[in-house]
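Take a look at the structure below.
The values are calculated or read from the model by the stated rules, or taken from the named source; none is laboratory data. Since we're looking at a predicted model, the values are computed, not measured. Glycine gets a Cβ as well: all are built from the backbone with ideal geometry, and neighbour counts include every protein chain shown.
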Amino acid sequence: MPDNKQLAAIHIAKADARLSDAEYRALLNEVAGVSSSKYLSDDGYQAVMRALRDRQFSTKKKTPKTPAERKIWALWLGSTGRPGICWYIPERERTAAYLLGFARRVSDDQSLGSIGEMSPAQAHRVIEALKARLAHEIAAASTVTEEIPF
């Protein structure tokens, strides 16, 4: 029987592989012959983790990112010695989900499923908004450091 850390790892791997609950249950039954991860043996746990890892890599997007998508990620993460926006915001908000929410708000498209699904016009609006936000964060950070004399 897996411990709590192993159960958590399985559920994280399930989310990374983007499996629905039904697909996950089918995988558990097919690989280990159980209906729930709490019934897994140690060998079953290893087999399920291998299957989830294989599934995760097979579902990854194979197409190259568009130039606009690369620009969005560069503004978010930073590039060539320049910090991105994510380094200026609280740590709990430094996620791809936060960036996607930002893109949804800016592009006014709440059905947007990923950064790669944006139209060129939406991507342009998001890039310009990210540039403005980065300039604002840099200006705010420099103001704070000027006020502190050490």
TODO: Taking the residues in the stretch 129-150 that are more than 21 Å from the chain's Cα centre (by Cα) and surrounded by 12 or more Cβ atoms within 10 Å (Cβ to Cβ) as candidates, determine which candidate is modelled with the highest pLDDT.
DONE: 136
Task: Which numbered condition residue 9 fails, given (1) within 27 Å of residue 115 (Cβ to Cβ); (2) at pLDDT 85 or above; (3) touching a helix residue (DSSP H, G or I) at 6+ places or on another chain (Cβ under 6 Å) - done: (3)
Task: Residues of the stretch 115-124 satisfying the condition of being in contact (Cβ under 8 Å) with a residue 24 or more places away in the chain and loosely packed, with under 12 Cβ neighbours inside 10 Å - done: 120
- [ ] For the stretch 5-33, name all the residues that are polar (S, T, N, Q) and either closer than 11 Å to residue 45 by Cβ or not assigned by TED's automatic domain parsing to the domain that holds residue 44 (or both).
- [x] 6
- [ ] Starting from the stretch 66-90, keep only residues that are assigned by TED's automatic domain parsing to the domain that holds residue 126, then list their pairs with residues that are part of a helix (DSSP H, G or I) and of a type in the set (Lys, Arg) whose Cβ atoms are within a distance under 7 Å, requiring at least 6 positions of separation or different chains.
- [x] 75/131; 85/133
Task: Index of the failed condition, residue 80 passing every other in (1) modelled with pLDDT of 85 or more; (2) hydroxyl-bearing (Ser, Thr, Tyr); (3) over 13 Å from residue 115 (Cα atoms) - done: (1)
- [ ] Determine whether the stretch 95-106 contains at least one residue that is farther than 21 Å from residue 65 by Cβ and free of Cβ contacts under 8 Å to residues at least 24 places away in the same chain.
- [x] yes
